[in-house]
Amino acid sequence: MSIPIEDHAAKTGVAKGRPADLGKRADILRAATRSFFDRGYAATSIEQIAADAGVSKVTVYNHFGGKPGLFSASVEAEVERMRGHFSIAGLEGGSVRERLLAIGEAMSAFLSRPEMVQFDRRIAAETERDPSIGTSFLAAGPLRIKKSFSALLKAMKDAGQVDIEDTDLAAEQFAAMCKGMGDLERRFGMPQDVKRDRERVQGAVEVFCRAYGTGKT
């Protein structure tokens, strides 16, 4: 998701209350996301992003404070679609199995995207050169998703739908079961097996519900 201007200003030192051109900000974010995914972090430059977005370098810095902030915002934008599945709003509207199945399928589809696999490889390689890149990626993406999923499990627990003592650990367990070996296989060049991915998610939901479910599951 895109960081609100006032929140980002606090992180980057950009003055609060500064007029914000949200259209330009969106153009910058689209150009940056495309570049990070296509070229990788190291090969992406503020100059190129500014040119692609049709703005000046100063405009990029005013909105994002530099490449690290822009990278974080780009990752957040990519994971925002998944975060919608973790909302606790309308918890009573679906069974635990239905909610988990939707989350697992969204997670599997997101991680199996070819550009995401490529991006993951590049981030891993570039983290060896600069560990802060990996830290930024984890904070903007996986750790935010884990926090949201853990909050959803806590809400399910409070509603009596699951019996979980450590929701952070349970969130990790579910994600690991959904990914299985598929995530590793794709990272090392094997084609996606859609049927097997679906079976992994269905199996993860079944195991999870047997381990943590209650009569309301």
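The values are calculated or read from the model by the stated rules, or taken from the named source; none is laboratory data. Not measured: the values here are computed from a predicted model. Counting neighbours? That spans all protein chains shown, and the Cβs are built from the backbone with ideal geometry, glycine included. Ligands, DNA and RNA are excluded from the accessible area calculation, which covers all protein heavy atoms including side chains. Shrake-Rupley method; radii C 1.70, N 1.55, O 1.52, S 1.80 Å.
Worth a mention:
- Under the condition of being surrounded by fewer than 18 Cβ atoms within 10 Å (Cβ to Cβ) and closer than 28 Å to Lys195 by Cα, the residues counted in the range 123-153 number 4.
- Of all residues in the range 40-54 being of a type outside the set (Ser, Thr, Tyr) and part of a loop (DSSP other than H, G, I, E, B), the one that is least open to solvent (accessible area, probe 1.4 Å): Gly40
- Scanning the range 191-206 for residues that are under 15 Å from Arg113 (Cβ atoms) and either open to solvent by 90 Å² or more (accessible area, probe 1.4 Å) or in contact with a helix residue (DSSP H, G or I) (Cβ under 6 Å, 6 or more places away or on another chain) (or both) yields Pro191, Gln192, Asp197.
- Pairing residues of the range 37-57 that are in contact (Cβ under 8 Å) with a residue 12 or more places away in the chain with residues that are in a loop (DSSP other than H, G, I, E, B) and surrounded by fewer than 17 Cβ atoms within 10 Å (Cβ to Cβ), at Cβ distances under 7 Å and at least 6 apart in sequence or on separate chains, gives Ala50/Ser56.
- Restricted to the range 154-167, and to residues there that are crowded, with 17+ Cβ neighbours inside 10 Å and assigned to a loop (DSSP other than H, G, I, E, B), the residue that is modelled with the lowest pLDDT is Gln161.
- Considering residues of the range 61-85 that are in a helix (DSSP H, G or I) and over 26 Å from Arg121 (Cβ atoms) only, the residue modelled with the lowest pLDDT: Gly84
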